[in-house]
Amino acid sequence: MTKKDYSKAMYIEKTLDPEDWESMRALGHRILDDMLDYMKTVRQHPWRHAPNKVKARFNQPLPFDPQLPEEIYKEFLEYVLPYPLGNIHPRFWGWVAGTGTIFGAFAEFMAATMNITACGNGAYHSANYVEKQVIDWFKEIFGFPPSASGLLTSGCSAANLIGLAVARNTKAGYDLRKDGINTKLSKMVLYASDEIHSSIQKAVELLGLGSNALRLVPINEYFQIDIKALEKIILEDRKNGYLPFCIVGAAGTTNTGAIDDIEALADICQRENIWLHIDGAFGAWAVLAPGERHLVAGMERADSLAFDLHKWMYMQYEIGCILVRCEEDHRKAFSLTPAYIEHGEGDRGMTGRDLPWLCNYGFQHSRGFRALKAWMSLKEHGTRKYGQLIQQNINQARYLAELVENAPELELAAPVTLNAVCFRYTKKGLDDASLDELNKRIEVELQEQGIAVPSTTTVRNKCVLHVVNTNHRSRREDFDVLVREVIRIGKDLSQPKQNAEKLD
Ligand SMILES: *Cc1c(COP(=O)(O)O)cnc(C)c1O
């Protein structure tokens, strides 16, 4: 194209907006209806393996020319929607997965329509206010002071990374952002129980501390960090010239839902001048359950608290949050204002300097408008209802534990404090290795037969079925089905195969 062509009237400029808004509107209404129906009847849509013809569909050439939205949607209905992980189904309890809500899905659509990048950009736009409102509510829920800071994240992994970065930089005792960790033999170390989530180790590695710096402390009979052992290791580390800078407490471990003695951890941190970070991914929300608050007592004393909302608060993926008690520590770890976002505070008049730039509190620059679904969902249900649902999930877990204890074929593998139940099928005469194998096969059969989805995990060196209940659609009968079917399949699989021999 020559320079002249640009100004020709015949040269039609393009946009990604529809040429025909009315047909897009019709498609949009259809999608909305389909999705409402789908969620309303979700009990009838379990998980299914994608057959080969479906897999082959995702091996197609790169599209060069446009395709019709109606056709693409048809493809979605045929090749995508029927093969879900299944985690929004009422009998899905594997891998601590969340369940979502329809209003949450609407919120995602609305946020996507506005498509605000919530990195800050002055104080004037609504995403800033919505996020501030939501963070303020979380501070209130978890007993953090109004002066604390917070940031919505993609999940608890990101929240843990941010919390530990603030801890590291604050406790280093030198300008770590400038000098890095290479220039000093600072020997910074931190502590967590050996049941802590893998995202903590990943964060420690990403922060350049090396996984050796993460001292994994043994657990007690309740799967909580052993306080005496922890104190001993800290003492030894100090003697050997290490700098203990952080303790990571678990408010609900992934395996068993165990909650560390957070008051005791807070006491140690206070006495030893150590940062207290709590990984409360889902368990922190026990704070809303009327009968369970005491389990997470002490969480309000943490320097930083990481949690997510896509597991136990039933919100759509992805959303998590980090709260930091001291706003200045938080900001100092991340704030950086390059020329292209330089701003006089309150540039746009009116609102003045009341809202900080959110990109100064984390590593992301462009950020989605996650706050909208949190704000809308919290308003839609209110904390009382959330508390009732969380309590309901805990009660269901206890109900499942009771069923397990009453079944001679089953055994409980860990105490049930919260919403996690670890159990396994047993049979006299089978050794541990065979039982491990058998329980793995039971898991697969339950899933493949479309009955229910627990996952498996290892507890005290045994492979066990793993149910973590963050499902607002589950009913007590669903757990009856699970137990009945585990026993049926367990019996089936451990029966000697007489018929097969006869055929030979
Ligand atoms: C799931 C989980 C995480 C990681 O959170 P994501 O939201 O998946 O990134 C961290 N800690 C615990 C205890 C978890 O269960």
Exercise for review: For region 34-147, build the charge dipole from Cβ charges (+1 Lys, Arg; -1 Asp, Glu) around the Cα centre, then report which of Gly86, Val130, Tyr73 sits farthest towards its positive end.
Suggested key: Gly86
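Return a whole-number percent for the relative contact order of the chain, with Cα pairs under 8 Å and 6 or more residues apart as the contact set.
Working: 828 pairs, mean separation 101.6, N = 504.
The normalised contact order for the chain reaches 20 percent.
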Point to revise | Cβ-defined net charge surrounding Leu77, 13 Å radius [Lys, Arg +1; Asp, Glu -1] | key: -4
Review point. Rounded if a/c is under 1.5, else prolate if a/b beats b/c, else oblate: with a ≥ b ≥ c from the C-alpha gyration tensor eigenvalues square-rooted, which is region 377-504?
Key: prolate
Point to revise | Highest to lowest packing among 89-102, 225-238, scored as the average C-beta count within 10 Å | key: 89-102, 225-238
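Using a simple charge model, +1 on the beta-carbon of Lys and Arg, -1 on the beta-carbon of Asp and Glu, nothing else, what dipole does region 391-503 show about its Cα centre, in debye to the nearest 20? Numbers along the way, then the final one.
On the way: 16 positive and 17 negative charges, 14 e Å.
For region 391-503, the charge dipole is close to 60 debye.
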Review point. Per the helix-only calculation at 222 nm, which mean residue ellipticity applies to the chain, given -39500 (n - 2.57) for every DSSP H run of n ≥ 4 and division by its residues, nearest 500 deg cm²/dmol?
Key: -12500 deg cm²/dmol
Point to revise | Cβ-isolated cysteines (cut-off 4.7 Å), the chain | key: Cys156, Cys246, Cys269, Cys321, Cys326, Cys422, Cys463
**Study point:** Cα-projected label distance for Phe103 with Asn220, points at 7 Å along beta-carbon direction, nm
**Key:** 4.1 nm
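Could you give the dipole magnitude of the chain about its Cα centre, charging the beta-carbon of Lys and Arg +1 and that of Asp and Glu -1, in debye to the nearest 20? Write out the running numbers ahead of the final one.
Numbers: 59 positive and 65 negative charges, 62 e Å.
Computed about the Cα centre, the dipole is about 300 debye.
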Revision key, fill the gap. Along region 308-319, Karplus-curve 3J(HN,Hα) (6.51, -1.76, 1.60; θ = phi - 60°) to the nearest Hz, with x for Gly and Pro, reads 10, 10, 8, 9, 7, 9, 6, 8, 5, 4, 10, 7
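Mind putting a number on the dipole of region 116-369 about its Cα centre? Charges go on the C-beta only, +1 for Lys and Arg and -1 for Asp and Glu, and I need it in Debye to the nearest 20. It would help to have the intermediate numbers written out before the result.
Working: 24 positive and 31 negative charges, 122 e Å.
Roughly 580 debye, rounded to the nearest 20.
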Check your understanding: With each pseudo-label sitting 7 Å past Cα toward Cβ, what's the Lys14-Asp267 distance in nm, one decimal?
Key -> 6.9 nm
**Study point:** Paramagnetic reach from Thr458 (point 7 Å along Cα→Cβ, amide N under 15 Å) across region 180-219
**Key:** 194-196, 198
Exercise for review: State, as an integer percentage, the relative contact order of region 18-143 based on alpha-carbon contacts under 8 Å between residues 6 or more apart.
Suggested key: 24 percent
**Study point:** Farthest positive-ward along region 116-369 dipole, Cα basis, beta-carbon charges - from Cys359, Leu185, Met313
**Key:** Leu185
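Just list whichever of Lys53/Lys440; Lys332/Lys373; Lys228/Lys427; Lys132/Lys232; Lys202/Lys239; Lys40/Lys74 have alpha carbons separated by over 31 Å in the model shown.
Values: Lys53/Lys440 28 Å; Lys332/Lys373 29 Å; Lys228/Lys427 37 Å; Lys132/Lys232 41 Å; Lys202/Lys239 27 Å; Lys40/Lys74 20 Å.
In this structure, Lys228/Lys427; Lys132/Lys232 lie more than 31 Å apart at Cα.
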Exercise for review: Could you give me the radius of gyration and the Dmax of the chain, taking only the C-alpha atoms into account and expressing both in angstrom?
Suggested key: 26.0, 88
Exercise for review: Name the residues whose placed amide hydrogens come within less than 5 Å of the amide hydrogen of Asp261, ignoring near sequence neighbours (fewer than 5 apart) on the same chain.
Suggested key: Ile225
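To one decimal place, what orientation-averaged projected area in nm² is obtained for the convex hull of the Cα set of region 116-369? Could the numbers behind the result be given before it?
On the way: hull surface 55.7 nm².
In nm², the orientation-averaged hull projection of region 116-369 is 13.9.
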**Study point:** Derived scalar couplings ³J(HN,Hα) [region 263-270; Karplus, 6.51 cos²θ - 1.76 cosθ + 1.60; whole Hz; x for Gly, Pro]
**Key:** 4, 5, 5, 5, 4, 4, 4, 5
Check your understanding: Cα-based Rg (one decimal) and Dmax (whole number) for region 188-235, in Å?
Key -> 10.9, 33
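Could you give the length gained on full extension between Met39 and Val481, defined as 0.36 nm per residue of separation minus the Cα-Cα distance, in nm?
Values: separation 442, 0.36 × 442 = 159.12 nm, distance 2.18 nm.
Full extension of this stretch gives 156.9 nm more.
Quote to one decimal, in nm, the extra length available between Lys228 and Leu62 on full extension: 0.36 nm per residue of separation minus the C-alpha distance between them.
On the way: separation 166, 0.36 × 166 = 59.76 nm, distance 5.94 nm.
Gain on stretching Lys228 to Leu62: 53.8 nm.
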Practice item. Provide Rg and Dmax in Å for region 81-205, with only Cα atoms included in the calculation. Key: 19.2, 55
Exercise for review: Convert each backbone phi in region 376-391 into a coupling constant with the Karplus relation 6.51 cos²θ - 1.76 cosθ + 1.60 (shift: θ = phi - 60°), then list the ³J(HN,Hα) values in order as whole Hz, x for Gly and Pro.
Suggested key: 5, 5, 4, 6, 4, 9, x, 5, 5, 5, 4, x, 5, 5, 5, 4
Revision key, fill the gap. Here Rg/Rh (Cα, Kirkwood) for region 19-84 equals 1.03
Study note, to complete from the structure: Pseudo-spin-label distance Arg238 to Arg48, built 7 Å along Cα→Cβ, given in nm, is 6.2 nm
Exercise for review: Would you please give the residues with an amide H less than 5 Å from that of Val459, counting only those at least 5 places away or on a separate chain, with H modeled from the backbone geometry?
Suggested key: Val464
Review point. What length, rounded to one decimal in nm, is gained on full extension from Glu328 through to Leu85, with 0.36 nm per residue of separation minus their alpha-carbon distance?
Key: 83.3 nm
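Where a number appears in this text, it was derived from the coordinates with a stated rule and is not lab data. Note that the coordinates shown come from a computational prediction; the quantities given were computed from them, not determined experimentally. Quick reminder, even Gly has a Cβ in these numbers, built from the backbone with ideal geometry, and neighbours come from all protein chains shown.
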